[in-house]
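Read the structure below first, then the notes.
What follows draws every value from the coordinates through simple rules; no lab data is involved. Bear in mind the structure is a predicted one, so any value in this text is a computation, not a measurement. So basically every Cβ, Gly included, is an ideal-geometry build from the backbone, and we count neighbours across all protein chains shown.
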Amino acid sequence: MFRIGNHYFPKSISFLLFAELAVLLLSVYAGAKIRFFDSLSLAERFPEFVAPALVFAGAMIFSMSALGMYQAQLNTQLKPILLRLAPACALGFSIITAVFYLAPSFQVGRGILGLMFGIACCGLLATRLLFFKSAHSGMFVSRALFLGTGQLARDCAWLAQHHATSGKYYVAGFIAVGDEETRVPGSQVFSRNRSLFEMAQACGASDIVVAVQNKRGVSFPIQELLECKLNGIRVIDSAHFFESEACQIRVNTLQPSWLVFGGGFDQSFARAFCKRGFDLVVSLAVATVTSPIMALTALAIWLEDRGPILYSQERVGRGGRTYMVHKFRSMRTNAEQAGQPQWAQQNDPRVTRVGAFIRKVRIDELPQVFNVLVGEMSFVGPRPERPFFVRQFAEQIPYYDVRHSIKPGITGMAQVRYPYGASLEDAVQKLQYDLYYVKNNSLFLDLLILIDTVRVVVLGKGAR
């Protein structure tokens, strides 16, 4: 697994992305070669195709990312691949057409454009099928041995098998430590009849995941783990395993010392300066591009019930300070008659007809760009909550206030990774993504979240 800007990026997905990037770049030159087959000038004209090739590859990679084609859990069947590839190509074509219109110097002829799209689509499909055939053969499967047999080991093993971002893990087995309660299949628990390194070698394990709650007991095999590490076996702590494989920091097993002495949590001036610049650029661009949409939305809201267009609500921001967040009104004006804050529900009866649509496509969030411009929010960050709920969560959820160490965001890791939350358990799950973002925030991670946000909006996921 690669690490870019403190964010973990799966090697398998990285391999697929770079392979498809090469296919896209080569398809431009293949199209030009076919178009100028009878001409000897292609070699001389090679430099003029560099910029169009980069634009084409960038637009297609962005479109495929926005349609979820570089997610960790990829569908390996032909039909789902085609169902994602077709709209990705359509979106890529739209972006390229717009770029060519705005910057004519990047243009290529219509004949070359058609040829390179045809070659690219065939090349992408062939690359995907070859990649998934290699994945099925076990090329990207790691064998993991879990130290521990309790609930934490069970959770780690489930994550390894179902939602690991670096690829698929094969659970080689479990090793009991001390008198920990067994919560894993007994048939997979190994008896300690030899050293940990010998057991790892015997089952072909490349990784050992330390999933034990108590690491201070006499029975904890710290020397044996060191022997394994010195002999090339990767030793992973459960906190690091959840962070790298699920993009979460689990609050139920977290030690305060891990937060204090661990890496990340960059709050430097340089990071703040870059993030503020990023916020201003993105917010101004979004406000400019979506201004017609916002005008039509305002008109539709007013025509439906002649009520207020905007809805302002107190939220908790950085450092626990409150501010007023602005959104397009999507509920009727008397939505909280009793004065008690309420969770939004599935098919909420308080939502208007216009509100149901703008929530589905996230248009109701657009006025928050003005909160970003005045510095109350960032474009990417933890979702701001109401003071009423924050007080409840802070009392019941460990480390909840850590999310308030940075500005809240219009979109964020929890918003794109977890469905809409409406309970204490949902708040815990979302906090684990927010803590990951607070710890590992970077410009690179912000860009990835923005791409995922496009995917969520396009596919209509997570709204209520």
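Among LYS360/LYS407; LYS215/LYS439; LYS79/LYS430; LYS11/LYS327, which pairs are too far apart, with a Cα-Cα distance over 30 Å? Flagged as over cut-off: LYS79/LYS430; LYS11/LYS327. Using 0.36 nm per residue and subtracting the Cα-Cα separation, the extra length available between ALA356 and LEU373 on full extension is 3.4 nm.
Using the Cβ-Cβ distance between LEU459 and ALA394 with R0 set to 30 Å, the FRET efficiency works out to roughly 0.35. The length gained on full extension between ALA103 and THR182, counted as 0.36 nm times the residue separation minus their Cα-Cα distance, comes to 22.1 nm.
Ranked for footprinting exposure by Cβ neighbours inside 10 Å, fewest first, MET199, MET294, MET116, MET64 give MET294, MET199, MET64, MET116. Cβ crowding within 10 Å ranks TYR420, TYR169 as TYR420, TYR169, fewest other Cβ atoms first. Spatially, segment 174-247 and segment 90-105 are offset by 52 Å when compared through their Cα centroids. Computed from label points 7 Å out along Cα-Cβ, the spacing between ARG276 and TRP258 is 3.4 nm. When +1 charges are put on Lys and Arg Cβ atoms and -1 charges on Asp and Glu Cβ atoms, the dipole computed for segment 269-459 relative to its Cα centre reaches about 200 debye.
Using the Cβ-Cβ distance between TYR418 and PHE36 with R0 set to 60 Å, the FRET efficiency from 1/(1 + (r/R0)^6) comes to roughly 0.75. Listed by number, the DSSP H helices of the chain that run 18 Å or longer by alpha-carbon position along their axis and have mean Kyte hydropathy of at least -0.5 are 11-35, 50-66, 78-102, 110-136, 269-305, 443-459. Could you point to the residue in ALA295, SER63, LEU196 farthest towards the positive end of the chain's charge dipole, with +1 and -1 charges on the Cβ of Lys/Arg and Asp/Glu respectively? The listed residue farthest towards the positive side: ALA295.
As a check on your grasp of the helix formula, calculate [θ] at 222 nm for the chain: sum -39500 (n - 2.57) over DSSP H runs of n ≥ 4, divide by the residue count, round to the nearest 500. -16500 deg cm²/dmol, from helical runs alone. Extension gain, HIS163-THR333: 0.36 nm per intervening residue step, less the Cα-Cα distance, totals 57.1 nm. I'd like the FRET efficiency for ALA86 and ARG194, computed as 1/(1 + (r/R0)^6) with the beta carbon distance as r and R0 of 56 Å, rounded to 0.05. E between ALA86 and ARG194, to the nearest 0.05, is 0.55. Beta bridges per DSSP, both residues in the chain: antiparallel share near 40 percent. The charge dipole of the chain, taken about its Cα centre with unit charges on the Cβ atoms of Lys, Arg (+1), Asp and Glu (-1) only, comes to about 600 debye.
Over all directions, the projected convex hull of the C-alpha atoms in the chain averages 27.0 nm² in area.
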